[in-house]
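Heads up, the thing below is written out as structure tokens.
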Amino acid sequence: MRKILIIFAHPVLEKSRVHKRLLHYIPQQTGITLNDLYENYPDFDIDVKREQELLLAHDIIIWQHPLYWYSAPALLKQWQDLVLEHGWAYGKNGYALKGKKLFNVITSGGSLQAYQREGYQQCTINEVLKPYERTAEICRMTYLPPFWVSGTHKLELPQINEYGHKYGQLLLRLRQESLKDEEMMQASCLNDLIETSENNLA
Amino acid sequence: MEHSFFYKALVFLGAAVLFVPLAKKSGLGSVLGYLIAGVFIGPSVLGFVGAEGQDIMHYAEFGVVMMLFLIGLELEPELLWKLRKSILGLGGLQVIVSTIFIAGIAMLFHFNWQQALALGMILSLSSTAIVLQTMAEKELMRTSAGQSAFAVLLFQDIAVIPMLALFPLLATTDILHKPTTDAHDAGTWVDGQPAWLHAAIVLGTIAAVIVVGRMAVRPLLRLVAKTKMREIFTATALLIVVGIAVLMGRIGLSPALGAFLAGVVLANSEYRHELESDIEPFKGLLLGVFFIAVGASIDFGLVSQHLKEIIMWVLILIAVKALVLFLLGKVFKMGTEQNFIFSFSLTQVGEFAFVLFSFSFQQGILSQETTSIMTAVVAISMGLTPLIILANEKFILPRVGTGETEERPADEIDEKNPVIIAGFGHFGSTIGRFLRANQIPATYLDLDSDRVDTVRKMGLKAFYGDASRVDLLQAAGADKAKIIVIAISSPEKRLEMIETIKMNFPNIHMLVRSANRYDAYDLMNAGMLHIYRETLDTSLRVGVDVMSMLGFRKYTAQRLARNFMRYDEANLKRLSAIRNPDEYVVEARKYMEEIEATLQSDRQYFTGESDLSWDPDKLIEEVRASIQENPLQ
């Protein structure tokens, strides 16, 4: 059984359509920890010690956030800047996170088609996520493809719930280690590995 | 009849208006002003009033009844509880020990023990009016000397009640003079009743006062307040006090005692402040008349005969009282300097002495001669108070305890700190602790020598004295410092300080504490740019937590609070510009008007969408519209 830490950053969750539903589908069980950054650090004063201890206590780290201007909301950046300390997370003596898995759970207004070299965004989602991938590598972690909800503005509630269901399933299967590493590394998105449920597609 | 009433009123009011301001101006205090006025119009000097002085005194004693009603009103149970140690310990011991000493000395002068005890009790009291007034004028109320003096005076005020009850037991001769503050017309209900019925009537009446006060008076006041006629409210307040006085007279108890009881019963009612402000002027005026009558009744023929005796008594009293107070101050661990201020300020005999003297004369405890001599002694001891305090400040304080500046080795370089903090109370000390925690050196100014000592013990630079004085500011390095934080609690003193600093140290930045909104207006008018309302940030923090507990996101609540704070600061500036500072309004009304104006203008505050970028609605709308236009996108 793997332990999963979801580091969640959303400045206006009350206005969110997708993330609110995603959170709803996170299984309530020990071993899956939700760390709501904007609720825990409304004044941006991050408790570095607490965050590092949380990281050490988990095997799989998730950054869950909306994609704002090709990046994360400000507090997640602040978190990265402060928590991933030199000599702890990276550098000659920084091995604290070695071997842990990391990926992003993101939502974007842009659609799958838009995030293509030839598409509107002129780059793929993996290219957008390059900074996170490099961060993971420097911290000696394994970076996995994202769980990605795209084209959010066009989604209706049943579709959003379907994403939520998939997210919940993904977390359970990660926890049970029932997904092979190679399988995950080869997928373009982790969503692709989870079967669509029948009842949610109305 | 009418002519004589107006004539008397003319003499009394004229004397008061002439002498009281003069006395206050020369630092003698209002009580002494009234006494001097009385002496002046009395038989010894101008002779405007003569034998009727005694008569007037009986009416004027009603001022004392009102004073006790007000004291009762002010006895908040919480305040009593908070100060219980100093009130009971310090106050109780002061009264008991001083009484014993003075009574002992009186017995040496061949008074019998009853008379000696009465004298001891009366003379152990100090003057609430004089001391509190002086302390407030010198901004000493919040120092440990001020707090202790307050506690002692409070105990003395309460101790008057049992004293009034005790005096009839000390009577050695038959009562020659019937108590005249009672209802003049009729005998009491208890005359000629058997003892058990007497006791039952007295207890029943007291119980009735408490029950009626609790159950009936509040609804009555509410009803009267609804008529919105101020004079009827005033009339009701007077009716309560007069009614109680008459009732108590009827059952043979002291009216003052009854009024005190009624005050305590009403202390927790919502109309407490209204009652206070309505009765206050009557009390002041009647007490004034009372003091004038006391002054007029001093027999100067007698005084000049007993001049030596009087002077001796004054000196003995001051010495004994100061000594007892000082020793008690030591026992209660007051700093030397504070102790001197405390013990010297309470050396006089209080205004209650006049009441108690006339009462003990009526009860036949003390002779007319003793009463006259002692009245003069009391008046002189009061008159000496400002001089004693002055002598203490000029000759004793500079030699003991906390100096204005710290004595340092001469070779030490006296570097000037960039920050000066005036006031080391809860407000200033928090700022100080924060700066110190971050190694920012600051210089502290405070009026309380005990606090200054503490600050110095912590190794900080501190000056002792009134922060609005140029020389003290100069010594603290105001000419070199960048910033001065004005964290003292008195709004008047703050404005005074601002004026001094503007005039003498124009380059320093002033950061000023303000109690509330209208205090902030005054500071704005004084040209202050950095104004910090004590309650603003804290209240908003509570608001944030309320929202969070109701399920709002913390970050959102915090942003809303910061937004509201910015709005409120801007709004304060706006309201400050349109309000009329010359308009005179009573404090309570002023507050309500302020709140009303604020709530009115809060309607302009728009909680709306301040973070449009985070609001996806418009974007969603646009995206969906474009799909309809061009389904292939």
Need one number: nm distance between label points at B:I620 and B:L46, each 7 Å from Cα along Cα→Cβ, rounded to one decimal.
8.7 nm
Compute the FRET efficiency between A:M1 and B:E569 as 1/(1 + (r/R0)^6), taking r as their Cβ-Cβ distance and R0 = 56 Å, and round to the nearest 0.05.
0.55
Once you sort the root eigenvalues of the Cα gyration tensor of the range B:225-348 as a ≥ b ≥ c, which label holds: rounded (a/c under 1.5), prolate (a/b larger than b/c) or oblate (the other case)?
oblate
Could you sort B:F354, B:F344, B:F101 by accessible area so the largest value comes first, with the probe set to 1.4 Å?
B:F101, B:F344, B:F354
Please give the length that would be gained between B:D537 and B:R218 if that part of the chain were fully extended, namely 0.36 nm times their separation in residues minus their C-alpha to C-alpha distance (nm, one decimal).
111.2 nm
Which stretch or stretches of the range A:1-23 have amide N atoms under 15 Å from the point lying 7 Å from A:E39's Cα along the Cα→Cβ direction?
A:6-16, A:19-23
With every protein chain kept in place and ligands, DNA and RNA left out, what is the accessible area per residue of the range B:100-146? Probe 1.4 Å, answer in Å².
43 Å²
What distance in nm lies between label points placed 7 Å from Cα along the C-beta direction at B:Q305 and B:L390?
3.4 nm
Need the full-extension length gain, B:I100 to B:L323, defined as separation in residues times 0.36 nm minus the C-alpha distance. One decimal, nm.
79.0 nm
Leaving ligands, DNA and RNA out of it, rank B:V212, B:V355 by accessible area with a 1.4 Å probe, largest first.
B:V212, B:V355
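Shape verdict for the range B:2-396, please, from the Cα gyration tensor: rounded (a/c under 1.5), prolate (a/b greater than b/c) or oblate. Show your work: numbers first, answer last.
Working: a/c = 1.32, a/b = 1.20, b/c = 1.10.
The shape class here is rounded.
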How would you classify the range A:4-193 from its alpha-carbon gyration tensor, with a ≥ b ≥ c the square roots of the eigenvalues: rounded for a/c under 1.5, else prolate if a/b is greater than b/c, otherwise oblate?
rounded
Once all protein chains are kept in place, B:R574 shows an accessible area at probe 1.4 Å, nearest 10 Å², of 100 Å²
Which cross-chain or sequence-distant (5 or more) residues have an amide H under 5 Å from the amide H of B:L445, H modelled 1.01 Å from N in plane?
B:I421, B:A422, B:G423, B:F463
Report, as an integer, the average count of C-beta atoms from other chains found within 10 Å of each Cβ along B:109-122.
0
The simple spin-label model distance between B:V246 and A:K92, using points 7 Å out along Cα→Cβ, in nm, is 9.9 nm
Around A:V83, with a cut-off of 13 angstrom between Cβ atoms, what is the net charge of the other residues, counting Lys and Arg +1 and Asp and Glu -1?
-3
If B:L140, B:L117, B:L619 are ordered by their accessible area, calculated over protein heavy atoms with a 1.4 Å probe, which sequence runs from highest to lowest?
B:L619, B:L117, B:L140
Whole-Hz ³J(HN,Hα) for each residue in the range B:212-220, computed from phi via Karplus 6.51 cos²θ - 1.76 cosθ + 1.60 with θ = phi - 60°, x for glycine and proline: what do you get?
4, x, 6, 8, 9, 5, 4, x, 4
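When the helix-only estimate is applied to the protein assembly as shown (DSSP H runs of n ≥ 4, each -39,500 (n - 2.57), divided by the residue count), what is the mean residue ellipticity at 222 nm, nearest 500 deg cm²/dmol?
Details: 35 runs with 479 residues, N = 835.
The helix-only estimate for the protein assembly as shown comes to -18500 deg cm²/dmol at 222 nm.
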In whole angstrom, largest first, the equivalent ellipsoid semi-axes that the Cα gyration tensor gives for the protein assembly as shown are 76, 32, 25
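The range A:101-202: which GluC sites (Glu not before Pro) are DSSP loop and have at most 12 other beta-carbon atoms within 10 angstrom? Provide the component values of the computation, followed by the final result.
Working: sites: A:E118, A:E127, A:E133, A:E137, A:E156, A:E162, A:E177, A:E182, A:E183, A:E195, A:E198; in loops: A:E118, A:E156, A:E177, A:E195, A:E198.
Qualifying residues, ordered by number: A:E118, A:E156, A:E177, A:E195, A:E198.
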Roughly speaking, what is the stretch gain from A:D192 to A:C123, that is 0.36 nm per residue apart minus the C-alpha to C-alpha distance, in nm to one decimal?
22.9 nm
Which FRET efficiency, nearest 0.05, do B:H426 and B:V17 yield, Cβ-Cβ r, R0 41 Å?
0.50
Within the accessible area of the range B:2-396 (1.4 Å probe), percent carbon and sulfur
71 percent
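The values are calculated or read from the model by the stated rules, or taken from the named source; none is laboratory data. No experiment lies behind these values; they were computed from the predicted model shown. Cβ coordinates were reconstructed from backbone atoms using ideal geometry, including for glycine residues, and neighbour counts include every protein chain displayed. Just so you know, the surface numbers come from the protein's heavy atoms only, side chains and all, with ligands and any DNA or RNA stripped out. Shrake-Rupley method; radii C 1.70, N 1.55, O 1.52, S 1.80 Å.
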